[in-house]
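Only one structure is covered here, and it is reproduced in the block below.
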Amino acid sequence: MEFIKRNSKNIMIGILFILFISACITIFYLLNNKQIEISKDITGTVIIADKEYLMIESNKENYLIINIKGDYEVGDKVKFTYFESETNIEKTPKEIKIRDEELIEKNKTEIKDNETENKDHNINENVTKPSNNNSNENTINKPNTNNEKLDSADITVMNYMNTLEVELNKPSLGESVKESFITLIDFIFYKGSIKGHTFNELSNSVKLKVLSSALYLDSKIDKYFPGYKESISSATKNIYTNVKTNIISVYLDITTTICNSNNELCDSAKDGFQSLKKNFGLTFDLIKEIAGDGISNLKNWYEIWSGK
């Protein structure tokens, strides 16, 4: 009888020992595979609001929030709960797949009214002088939204741009490139003309090609003629030192207008910007900086920048 009791006790101890070992192995496996995680929280202010995603700013960092459930507006303060394994810090902006969300504070400013007003003034009737800072002060004439067939202005200006491209691809750049730089920047921003035509006579697609070439020319001037833009800016009433940010701003404005009316041209314009993004290292932080206080631009600009 005692033998049976002792044997049963040993069996029970053995079973408990096996269960203990199994539990330890299971816990180790789960920890090793990061399936047991402590949730984290992040609270930020919404800077881009969409039905499918949000972008928030938290501690001067940008975060793309996916799989949202609630409806939020720009300016709302929201707290999100997530697991670290469901974040992608390699992406720019950093991407977070959330588990839970909580509205902390509703936007108290009149964002919607401001967005409507900014949209109405986003594309103005006159070209204004680019600013000394990076704010988005330059505007352009209303882009053409009719057909995109090449007319006389398009053909003439594109011939000029093709000739300029040949010059820029030469092993060494001459003084004529400096003159071309002034001509092109004045053409875009200061109501200048090329062969009797103005920038606002061009079709949208040709405007984008001109802007792409202008960005390339600007980089060449910086590389081969350092200090030149500063010297001509101090000698004239026109400003040439910050044309890169202004070119990008105008490109994004025109692309936004195109995408509101022409899907085919929209795809082409976005593809063109992806090339600029790659060749000139155009980060989202730069796009955000150029947008400045024009927060209503940021959603459209982000989708162009990201290729969404």
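The values are calculated or read from the model by the stated rules, or taken from the named source; none is laboratory data. All figures in this text were calculated on a predicted structure; none of them were measured in a lab. Note: ideal-geometry Cβ built from the backbone for every residue, glycine included; neighbour counts use all protein chains shown. Areas reflect the complete protein model, heavy atoms only, side chains present, ligands, DNA and RNA absent. Shrake-Rupley method; radii C 1.70, N 1.55, O 1.52, S 1.80 Å.
Per-structure values
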item	result
Which listed residue, of 204, 238, 200, 246, is in contact (Cβ under 8 Å) with a residue 12 or more places away in the chain, in contact with a Phe, Trp or Tyr (Cβ under 9 Å, 6 or more places away or on another chain) and farther than 13 Å from residue 182 by Cα	246
Which numbered condition residue 191 fails, given (1) in a helix (DSSP H, G or I); (2) under 29 Å from the mean Cα position of the chain (by Cα)	(1)
Selected residue [open to solvent by 20 Å² or more (accessible area, probe 1.4 Å), touching a residue at least 12 places away in the same chain (Cβ under 8 Å) and assigned to a helix (DSSP H, G or I)] from 267, 218, 222, 285	285
Residue match in region 178-186 (condition: at pLDDT 90 or above and either under 26 Å from the mean Cα position of the chain (by Cα) or part of a loop (DSSP other than H, G, I, E, B) (or both))	yes
Among residues of region 288-308, those that are assigned to a helix (DSSP H, G or I) and acidic (Asp, Glu), counted	2
Conditions (1) open to solvent by 30 Å² or more (accessible area, probe 1.4 Å); (2) in contact with a helix residue (DSSP H, G or I) (Cβ under 6 Å, 6 or more places away or on another chain); (3) not in a helix (DSSP H, G or I): number failed by residue 261	(2)
So residue 241, is it part of a helix (DSSP H, G or I) and of a type in the set (Val, Ile, Thr)	no
Candidate set: region 288-299, residues that are open to solvent by less than 60 Å² (accessible area, probe 1.4 Å) and at pLDDT 90 or above; chosen: the one farthest from residue 244 (Cα to Cα)	299
Cβ pairs under 8 Å, 6+ apart, first in region 25-47 and more than 10 Å from residue 85 (Cα to Cα), second at pLDDT below 90 and acidic (Asp, Glu)	40/84
Residue list for region 14-50, filter: modelled with pLDDT of 75 or more, more than 30 Å from residue 286 (Cα to Cα) and surrounded by 10 or more Cβ atoms within 10 Å (Cβ to Cβ)	18, 19, 20, 21, 22, 23, 25, 39
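Here is a yes/no grid of residues against (1) modelled with pLDDT under 90; (2) within 22 Å of residue 186 (Cα to Cα):
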residue	(1), (2)
242	yes, yes
258	no, no
261	yes, no
264	yes, no
269	no, no
